[in-house]
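Quick notes on the structure that follows.
The values are calculated or read from the model by the stated rules, or taken from the named source; none is laboratory data. Quick caveat: nothing in here was measured; it's all calculated off a predicted structure. All Cβ positions, glycine included, derive from the backbone under ideal geometry; neighbour counts span all protein chains shown. Accessible surface areas use protein heavy atoms only, side chains included; no ligands, DNA or RNA. Shrake-Rupley method; radii C 1.70, N 1.55, O 1.52, S 1.80 Å.
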Amino acid sequence: MKKIFFALLLITTISQAQYRIRYDKLFMEAGIGLAMPLSNVSPSGENRPIAIVHGQGALRYMFDENVGIIGSLSYDQFSHGNQKSDQKLAGLELCYNLGNAIELSRNTGGQFGLLVHGGAELGVMSSKYNNRDNIAALVIGARPYIAINEKVSFFADLTYKSTLQQSMYYNGDLAGRELSGSQLGLTFGFMVALGQNRFHADSAY
């Protein structure tokens, strides 16, 4: 009897372990929103431009239920009156499922969650009257989300960017020197789990 009991226990344990690893780990993400410079807006520091044309797309891969990596592309057009500048960035970030750590997903049945992310971005800024300017930035952000169904979630993302290399103001004027600035972005979008499994990493708590 003891042998049968332990055999059943072993089978159950193995089955549960196999079940837990059967979830999708790859996500496609896309969103739109706005961005606002917090510094380096113009030579005079006045007439703050806002990027109402803001879009981004990304692929996220979760190594497990908690830690993953994000590769992203984003575009912003900062404008104020006739002055404009375009910003194109490619980023690589680490992602952590904070919702699992605070048991938000578990307590809400997987309906709500919270991701935090941080990393670096490289890209260019350009304007109508000036050449391209290479830029680099460190980024950190938080992304609460709500599950629409088993595959799709709606998110709102708030990201802070600190520019390490930049020689163009956000209104498009050249500074003639290196600047260190910052900006804040707000994005609304959708995350879609890619794969054939019923569950995905964000809900496999």
Could you tell me which numbered condition Tyr205 fails, if it satisfies all but one of (1) under 18 Å from Asp24 (Cβ atoms); (2) at pLDDT 85 or above; (3) open to solvent by 60 Å² or more (accessible area, probe 1.4 Å)? (2)
Can you name every residue in the range 161-196 that is in a loop (DSSP other than H, G, I, E, B), touching a Ser or Thr at 6+ places or on another chain (Cβ under 8 Å) and open to solvent by 20 Å² or more (accessible area, probe 1.4 Å)? Tyr169, Asp173, Ser180
Only residues that are over 22 Å from Asn100 (Cβ atoms) and acidic (Asp, Glu): list them for the range 49-81, please. Asp76
Kindly provide the set of residues from the range 106-162 that are more than 15 Å from Gln183 (Cα to Cα) and polar (S, T, N, Q), ordered by number. Asn107, Thr108, Gln111, Ser126, Ser127, Asn130, Asn131, Asn134, Asn149, Ser153
Quick check on the range 121-132. Is at least one of its residues among the hydrophobic types (A, V, I, L, M, F, W, C), farther than 26 Å from His200 by Cβ, open to solvent by 60 Å² or more (accessible area, probe 1.4 Å) and in a strand (DSSP E or B)? yes
Looking at (1) touching a residue at least 60 places away in the same chain (Cβ under 8 Å); (2) on the phi < 0 side of the Ramachandran plot, which one does Gly110 not meet, given that it meets all the others? (2)
